[in-house]
Every structure is written in structure tokens, then in C-alpha cells.
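Peer 1: Could you have a look at this structure, given as C-alpha cells, before my questions?
The values are calculated or read from the model by the stated rules, or taken from the named source; none is laboratory data. Predicted model only: the values in this text are computed from it and were never measured. Please note: Cβ atoms are built from the backbone with ideal geometry, for glycine as well, and neighbour counts cover all protein chains shown. These area figures cover heavy atoms from the full protein model, side chains too; ligands, DNA and RNA do not enter into them. Shrake-Rupley method; radii C 1.70, N 1.55, O 1.52, S 1.80 Å.
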Protein chains: 2
Amino acid sequence: MKTLSAILTGASALAFATFALAQDDVPPLATLSPPPIPDDNRMTPEKIALGEQLFWDGRLSGNGSMPCSACHLPDAGWGTGSPISFGYPGTQHWRNSQTILNSAYYNKGFWEGSVTSLESQAKGAAGGAVAGNGDGSMMEMRLRFVPDYVRDFKKVFGTEWPQVAHAWDAIAAYERTIVTDASKVPFDRYLAGEESAMTESAVRGMEIFNGEAGCISCHNGALVSDQRFYNIGVPPAAEFSEDPLYQITLRWELYQKGVPEDVYRNGDNDLGLYHVTKQPKDKGKFRTPSLRELRWTEPYMHNGALSDLADVVAFYNGGGGEGQTAGLQPLGLNEAQQADLVAFLEALSMDEPLLLDEPELPETATWSEFQQ
Amino acid sequence: MKTLSAILTGASALAFATFALAQDDVPPLATLSPPPIPDDNRMTPEKIALGEQLFWDGRLSGNGSMPCSACHLPDAGWGTGSPISFGYPGTQHWRNSQTILNSAYYNKGFWEGSVTSLESQAKGAAGGAVAGNGDGSMMEMRLRFVPDYVRDFKKVFGTEWPQVAHAWDAIAAYERTIVTDASKVPFDRYLAGEESAMTESAVRGMEIFNGEAGCISCHNGALVSDQRFYNIGVPPAAEFSEDPLYQITLRWELYQKGVPEDVYRNGDNDLGLYHVTKQPKDKGKFRTPSLRELRWTEPYMHNGALSDLADVVAFYNGGGGEGQTAGLQPLGLNEAQQADLVAFLEALSMDEPLLLDEPELPETATWSEFQQ
């Protein structure tokens, strides 16, 4: 992995030394290596191509019209684009659809880290009552009646018929291709020695990020995330109090997770990591998101409460939100410094969004094909 | 229970004696007693009223819009009215929605008898991927956010919050009120001694039913059903071969039931009781339906393949359909006799359909109510 220290000789040694000193207990920012690939789900072009189709295929949902792409659209930064995701008909989600850009690098999925692989994330989302609401065997049966899928699952997984568990494998393989291309990222080019790749403002912002503002404390390493959980006091989403279905869905989630009744009856805001641990100290904690590809993934925070990067920087500059337990302090950055920080955050994204077209989906067998 | 023998002295003794002699090994036709009520689900007006609302409430489904009444509409004879039910979005059902008229009297539910109570039928339909596709705890959470339901479930079941298992109890209680009123049925009035209640044609039809045609062999007792299973060779539904989703859904059902792969891969028609028993001899067998309220429950047969009573009588007159294993023989009835049989079948229904209005449904709590 190419790290900051590895390129010190080719860049501004003084600037790097300054923040390296200030935060030398955390991994420095770095260029992403290829994402880790699980031993039991190796990548092949055929598997990725199959996963691409399945990602867009509503057959993998209860009502046949809620594919993965319903909440993870390329032209919405691979999220929904709205502050809060819409949820399955009859429910209303209460969180922002997290982008799947670079999800390959996370060691756990969902904002509360409740799954530990992309494979289980796909299964959970397709089957969960708030998202896909699909019955596993019904989804599988729909796949088995698509001749192209029968052929492709056999080719990729060696089974006589498509198995829904393999669908999650294929989708996860596809998602592992939806990652940053370092050659298109100003920050990564700068790290590689191309000094003009970042603006002067962005370079100053990087110093603030690593030094005075201390962003690097949590947003570190190649992913620009420590993958830990913090409560930074994000305010409730404005739209949360508009439709009672939000509340129903949130409390259902808590109920599903097995929290005590007094908690889900009074849990009028998202309790985050607490859903998983049931430890009161974890209420309101969410996993540190990567800051890569931020330009394309607005709005921000687990509930989309902040609409642009200037708002995010201003939020931290004020010391976080009410009730935060992360130990944030007001940063005291002036407007120029905040603008520099925004410039650096923008430099962590590719110059163009990663847009992929919707693939053509295979047809269900015709009646006469059934009879063969 | 008032039976034919009990009223022999008050009616045409000769006519009754004739068919009683011919079929004295089966229970004679009779007037229905009040339906059996399970010890663990007693009837109260409050429970019935609650069940009435829940029967029409889409909250008890996956997408919030598939209540019991979606497939059991009063003005469609408490079925769907179409030959084949429509199924949950993304699926296509392969059977006629059986009427719930007098379902209180059956000792098992669904055409294949796969459940043994109305309570479990309601649960199975609301949760099944082909019908309601509801997640139990999500349905329950929706109920818990309806103040009127919280109040009413507490009143009826004594629980602090609505429990979805109690919803099935309430719906079953309501369904036990959707039964024949003997005072409105020509046949029952005739049995009670009102000789003019049935036309002469219907009286002749009754004799044919009990004698020459032998309908009474299977359609007997007060329910006019022996609740056993037969394969009478009903032809496939015409619309079955129009949409591949029918086939997907049928095979999913077989797959769910755990039949061997070669069976569900080649099961291009409804295998009925075989779904439950997996015994090859049971393929194509369906439970004898009641003939009560037949006037209001067209079309007929498990797949709605016969659209009127004349067709049904003609079907039996021809000795049933291809592949039948019920031992049916051609009846050799002439047209007048067939018309008499139809007249009698019509006399087994109330003079008017049992129409009940959709109740007003309670509202989900407002946002401010959540905060209290």
C-alpha cells in the first residue's frame, strides 16, 4: 500500500511532517489498495456480470420491483439522493441509503455495523421488511425460471439451478468493482507525486484535516475511516416528523433487534450502534463513513441531515451537535480555513462520478419453454 | 341439529324416504347449526367488530395494501370473482380464491386442507409470499401505532399492546359470522316444513341430487360437503398458460411444501392434496367444497374453470374430467333433469347475497401523539 510516509521524499516534506507528528497514533491517509476479496467468493468477470444484472433485478424483492438499485442509484452517488431512503411500500425508512461506493473496503455493513460482509448485507436488504421484503424461496423460484440465469448461475457456481445464496455472492462481487479509481482522484495523484493535482486551497485543507481540525483522528487510513462508532450529535432529519410511518419503521427495527420495550416505545430517534449492542453508551453512535467520493454522495450523515460539505465542516467547527459523546470540541476555524477543508474533502473524490448503465435484464421463460 | 329425519313427519314423507334409502350410508342434507367455536377463541361482539376492521386493513400485509378483503370481497361472493386470484404483486396466484362464506364449518382450510383452523388460515394468507407477504412483526408494529387498536386489543385480549397473533383470532371470529342464515334459504325453509319454499323443479332436483346423480355421496350433511379430497379431473384454467408468473408461483408453492425436485420441475398443473401428503395417489385431489351459497360464489372449482352452475352439472353429467380418479360415472341426465339439479343447487343459497360494508378503519397516531 502506498502511504504518505512512502512518498515523503517526493512532496512537501515539511507539510507532511507537521500533521504526521500531530496524529502519529493513527494510520495516515493513503491511496486505496485493491479491495479485499473473500476466499469463499472469488471474483470472475462472469460472476461480476451476473451480479450486475441481479443488482438491478426486481425479482429479488417481495413485490418484484425493489432491486438493490432502488436505493442505490449510480446517478445519486449509489445512494438514494434524498436525505432519507424511501423504504418498501407500506413502510418508511428512517435512514439515508448509504452509498455502496467503496463498500468493498468496510469490515461491516449498514450504518450500525450489523452485518460483516457485503454478501450478508445484500441478503439482509433484499429480505428485510423495510427494504426488499422478499421471501428467499420466492426470489429463488423467479430466478430459476429465467433461462439466461439458469445458464449463468451454472457457469459461475456450478449448480444445476440458481440458488438465491449465490445471488448475494454475485451481487457482492459486482459491488467490489464499484470502487475509487485512484488515477482520477486529485488527492491520490498528489500523493503519487503530482503536486499540481490538488489546488493550494486543498493542500492547506489537507493540513488542517490532519492537524488543527483533527479530522484524521477518525477519518484515517486509505478508506479515510477508522470504521469505529461515534455519537457526534447529528440533529434529527427534518422530514422524520412528517409521517408516522417513519416512527413505526424505526421502532419496528428496534423491536426486531430485541431491545427492551421501554426503549423501543420511547426511541423517537435513531439509536444506531445500540441496535446491535443494546449498551446504553452506544445510543446514537454510527460507524465513521469513508470520506472518499463525497462529492457524489450528498446529502450527508446517517440521516442525510446535512446537505453539503460546507454544512458538514461548519457542523464540526461548532463542536458537533447536541448530545454528542465523541468528545468533539469547537475547532475555531475561520471561513477561509473551512473553505480549504471543503476543498480538500472534494479532492478525495474522483473528477467524475462513477456512472454505470443499467444492464439489460434477461426474460422469464415463455410458456412454451416451460413445456420442454 | 335439525336433520331430514327430524322433519319427516311434517313434509313429503315419500320423497324424503326415497333418497334417504338410496344413500343411507352418508349423513343426509340438513340445516346448519351454529358454527363450532374453538374453546380458545370465544366470540364476543367486541372481538368480532375488531376482526371486521382487521379483515379490511392493509396494515396486515407486506406492502400495506393487501388486506384479507383483497381476495375475499363481499360483492364477489367473498372470493375474488375472477377464475384465478391475483396474488401479491410480483407473483400470480394459480387458484381461485375460495369463498369464506361458511368457512366457519370446515375442519381444514385452503383447497388442499393445509391448515386446520381459520386462525392459522388468516396467518398463513397474510404472511405467505403469494398473498399478503407480510412480516409478522412489521404488521404488529403498524397495529401498535393505531390508538384505537391499542384500546380495542386491550379490551378484547387484555394485552397492553396489540399482538399480531390476536389479530388472526379476531379475524377468525369475524369470519365465523359470515355464515348462512337458514331463514333465507329455500332449501332450509323447505326442510323446516314450508313446502312452497322450493320450486317443483328444485324439489325434483333434490331427488336427483340424493338419488340418481349421487351428488350426496360427497356433498352431504349440513355443510353439503364431506370435507374429503377427490380428483374429479377439473380441466386447467384457461388463463393459466398466459403468464409465466402462474407457473413460477405454483412451482414455488410445491417447492415450499418440500416435494421432490422432479415433481416441482414438472408440476405444470395444481397437484392439490399432494402438496400436503406428497403421496402420488393424492395428485389433483381437492377438498369437497360446500354447495351452500353457490349462487353468490361463481366461478366454480379450485381454479374457477367452470363459470356457471349449468356447466358444473354438465361436467358431472359427462362423468367428470380427464384423469379423474374419483370413480365418477356419466350420469345420463337429460336436459330437464340437469335444469332441475341446477334449480336445487340454487335453492341451497340465501335469496340475497350476504353483503357487508367495508368498515371505517382507524387512523395511525399523529406525530404529536407519539410524543405523549
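Peer 1: In segment A:240-265, which residue that is open to solvent by 50 Å² or more (accessible area, probe 1.4 Å) and charged (D, E, K, R) is nearest to the chain's Cα centre (by Cα)?
Peer 2: Of everything passing the filter in segment A:240-265, A:LYS257 is nearest to the chain's Cα centre (by Cα).
Peer 1: Also, I was wondering about something else. Could you list, in sequence order, the residues of segment B:345-372 that are more than 20 Å from B:GLU298 (Cα to Cα) and not in a loop (DSSP other than H, G, I, E, B)?
Peer 2: B:TRP367, B:SER368, B:GLU369, B:PHE370, listed by residue number.
Peer 1: Can you pull out the residues in segment A:239-292 that are under 30 Å from A:PHE344 (Cβ atoms) and β-branched (Val, Ile, Thr)?
Peer 2: A:THR288
Peer 1: When segment A:139-150 is examined, which residues are found to be assigned to a helix (DSSP H, G or I), touching a residue at least 12 places away in the same chain (Cβ under 8 Å) and within 12 Å of chain B (Cβ to nearest Cβ)?
Peer 2: Matches in segment A:139-150: A:MET139, A:GLU140, A:ARG142, A:LEU143, A:ARG144, A:PRO147, A:VAL150.
Peer 1: Given the conditions (1) over 12 Å from the mean Cα position of the chain (by Cα); (2) surrounded by fewer than 23 Cβ atoms within 10 Å (Cβ to Cβ); (3) not basic (Lys, Arg), report the number of the one that B:PHE110 does not fulfil.
Peer 2: (1)
Peer 1: State all residues of segment A:54-80 that are part of a loop (DSSP other than H, G, I, E, B), away from chain B (no Cβ under 14 Å) and either in contact with a helix residue (DSSP H, G or I) (Cβ under 7 Å, 6 or more places away or on another chain) or farther than 30 Å from B:MET66 by Cα (or both); if no residue qualifies, say none.
Peer 2: Passing the criteria: A:TRP56, A:GLY77, A:TRP78.
Peer 1: When you scan segment A:108-127, do you find a residue that is of a type outside the set (A, V, I, L, M), free of Cβ contacts under 8 Å to residues at least 12 places away in the same chain, within 13 Å of chain B (Cβ to nearest Cβ) and touching a helix residue (DSSP H, G or I) at 6+ places or on another chain (Cβ under 8 Å), even just one?
Peer 2: Within segment A:108-127, one or more residues are of a type outside the set (A, V, I, L, M), free of Cβ contacts under 8 Å to residues at least 12 places away in the same chain, within 13 Å of chain B (Cβ to nearest Cβ) and touching a helix residue (DSSP H, G or I) at 6+ places or on another chain (Cβ under 8 Å).
Peer 1: Scanning segment B:31-50 for residues that are outside any loop (DSSP other than H, G, I, E, B) and out of contact with any helix residue (DSSP H, G or I) (no Cβ under 7 Å at 6 or more places or on another chain), which turns out surrounded by the most Cβ atoms within 10 Å (Cβ to Cβ)?
Peer 2: Filtering segment B:31-50 for residues that are outside any loop (DSSP other than H, G, I, E, B) and out of contact with any helix residue (DSSP H, G or I) (no Cβ under 7 Å at 6 or more places or on another chain), the one surrounded by the most Cβ atoms within 10 Å (Cβ to Cβ) comes out as B:ALA49.
Peer 1: Another question, if that's okay. More than 30 Å from A:LEU354 (Cα to Cα), at pLDDT 90 or above and assigned by TED's automatic domain parsing to the domain that holds A:ASP340: is that true of A:GLY221 in this structure?
Peer 2: When the stated conditions are applied, A:GLY221 does not pass them.
Every residue, every condition in (1) assigned to a helix (DSSP H, G or I); (2) open to solvent by less than 30 Å² (accessible area, probe 1.4 Å), yes or no:
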{"site": "A:GLU52", "(1), (2)": "yes, no"}
{"site": "A:SER82", "(1), (2)": "no, no"}
{"site": "A:ALA104", "(1), (2)": "yes, yes"}
{"site": "A:GLY124", "(1), (2)": "yes, no"}
{"site": "A:ASP152", "(1), (2)": "yes, yes"}
{"site": "A:LYS155", "(1), (2)": "yes, no"}
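Peer 1: Considering each residue of segment A:153-174, count those that are under 26 Å from A:ASN102 (Cα atoms) and of a type in the set (Asp, Glu), and give that number.
Peer 2: Residues in segment A:153-174 being under 26 Å from A:ASN102 (Cα atoms) and of a type in the set (Asp, Glu): 1 in total.
Peer 1: Taking A:ALA167 as the residue in question, decide whether it is hydrophobic (A, V, I, L, M, F, W, C), closer than 30 Å to A:ARG292 by Cα and in a helix (DSSP H, G or I).
Peer 2: Considered against the rule, which asks whether it is hydrophobic (A, V, I, L, M, F, W, C), closer than 30 Å to A:ARG292 by Cα and in a helix (DSSP H, G or I), A:ALA167 comes out as yes.
Peer 1: I would also like to ask the following. How many residues does segment B:92-107 hold that are more than 20 Å from B:GLU175 (Cα to Cα) and without any contact (Cβ under 8 Å) to a residue 40 or more places away in the chain?
Peer 2: Matching residues across segment B:92-107 total 0.
Peer 1: Taking segment B:157-198 as the search range and keeping residues that are among the charged types (D, E, K, R) and free of Cβ contacts under 8 Å to residues at least 12 places away in the same chain, which one is surrounded by the fewest Cβ atoms within 10 Å (Cβ to Cβ)?
Peer 2: B:GLU160
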